[in-house]
Amino acid sequence: GQSLEQPSEVTAVEGAIVQINCTYQTSGFYGLSWYQQHDGGAPTFLSYNALDGLEETGRFSSFLSRSDSYGYLLLQELQMKDSASYFCAVIHTDKLIFGTGTRLQVFP
Amino acid sequence: DVKVTQSSRYLVKRTGEKVFLECVQDMDHENMFWYRQDPGLGLRLIYFSYDVKMKEKGDIPEGYSVSREKKERFSLILESASTNQTSMYLCASTSADTQYFGPGTRLTVL
C-alpha cells in the first residue's frame, strides 16, 4: 500500500525558518507535491518535485530525495499568514495520495 | 485562472436522504476527483474520473457513487446518507501535475 508521514504540528515565530518533513512508501512514484490549506479554505498548490533536489519559489522551497523516499518543505522568513496546514502528496499514476497534514502555527 | 466550483458551501441532510454534490470546472480538464477531509485523516480519495462516463474507485468509495455526463461536471452521490458521512467534501480537477480544488462542501448528516 501507500503511506505518507509528516508531523502533525509545528510552531515557529515570525521571521524564522521552518522545515516540514515528509516520508513516503509507495509504488509507482512519479513525484512529490505540497499543498497549503488555510482554515476554512481549499488546498492550494505550492510546489512539485519530480526529480531529486531543491526547487525554490520565493520564500518556499521543496526538496526531494527519491532514494530516501523523503522530501521536505522549507518556509523562510515566516509570516503570520503562513499559519496553515501543509500537506505533502505523492503523485501515483494519475492520482494524488495525501499525507494527513502538518499544522503550522506562526507566533509574533 | 482555473475555477472549480461546488454547488453548496454548507449542506444539512437527514439520515437516509439521497444527496447530490455537484462540481464544475471551467478549464476543460479531463481528470476530476472527489475527496473527503476529516480532522487527523487528511484528504481521502473517494472517486475519480478520467473522462466523460468514466469513473474509478478511490480509497473509500463505499456508500458513494459518481456521475460524469459532461466533461466539466462531476457529481458525487450519497445514495442513503449516514451520520458517518458528515464531512468536508472537496472536488478537484487536474492540469499536468497540479490539482485545483473547489471551495468545499461541509455536509452534516443528522
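The values are calculated or read from the model by the stated rules, or taken from the named source; none is laboratory data. Note that the structure is a prediction, hence the values are computed from the model and not measured. Counting neighbours? That spans all protein chains shown, and the Cβs are built from the backbone with ideal geometry, glycine included. Note: areas computed on protein heavy atoms with side chains; ligands, DNA, RNA excluded. Shrake-Rupley method; radii C 1.70, N 1.55, O 1.52, S 1.80 Å.
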Nearest-20 debye value, the protein assembly as shown charge dipole, Cβ charges on Lys, Arg, Asp, Glu: 800
Shape of segment A:52-98, Cα gyration tensor, a/c cut at 1.5: oblate
Lys, Arg +1 and Asp, Glu -1 on Cβ, resulting dipole of chain B about Cα centre, debye, nearest 20: 400
Label-point separation in nm, B:GLU79 to A:ASN21, each point 7 Å along Cα→Cβ: 4.5
Relative packing of peptides B:39-50, B:75-86 - highest average C-beta neighbours within 10 Å first: B:39-50, B:75-86
Spin-label proximity, B:GLU72 to segment B:1-22 - amide N less than 18 Å from point 7 Å beyond Cα toward beta carbon: B:1-8, B:22
Computed lengthening from A:GLU5 to A:THR93, 0.36 nm per intervening residue step minus Cα-Cα distance: 29.7 nm
Interface A:B - total buried accessible surface [probe 1.4 Å, Å², rounded to 100]: 1400
Residues of type aspartates and glutamates that B:LYS18 reaches as a straight line, Cα spacing below 18 Å, ignoring anything fewer than 8 places off in the same chain: B:GLU62, B:GLU79
Extension reserve of the B:THR108-B:SER8 stretch, reckoned as 0.36 nm per residue once the Cα distance is removed: 34.8 nm
Summed residue charge, Cβ within 13 Å of A:THR93's Cβ, Lys/Arg positive, Asp/Glu negative: -2
Spacing of the two label points (7 Å from each Cα toward its C-beta) at A:SER69 and A:THR44, in nm: 3.3
Projected-area mean, the protein assembly as shown, by convex hull of Cα positions, square nanometres: 11.8
Hull volume in cubic angstrom per residue (convex hull over the Cα atoms of chain A): 92
q = 0.18, 0.21 Å⁻¹, chain B: log10 I(q)/I(0) [Debye, one scatterer per Cα]: -0.81, -1.11
Exceeding the 32 Å Cα-Cα cut-off - candidates B:LYS3/B:LYS55; A:LYS81/B:LYS71; A:LYS95/B:LYS13; B:LYS13/B:LYS53; A:LYS81/B:LYS70; A:LYS81/B:LYS53: A:LYS81/B:LYS71; A:LYS81/B:LYS70; A:LYS81/B:LYS53
Separation in nanometres of the label points that stand 7 Å from Cα toward Cβ, at B:ASP97 and A:LEU54: 1.8
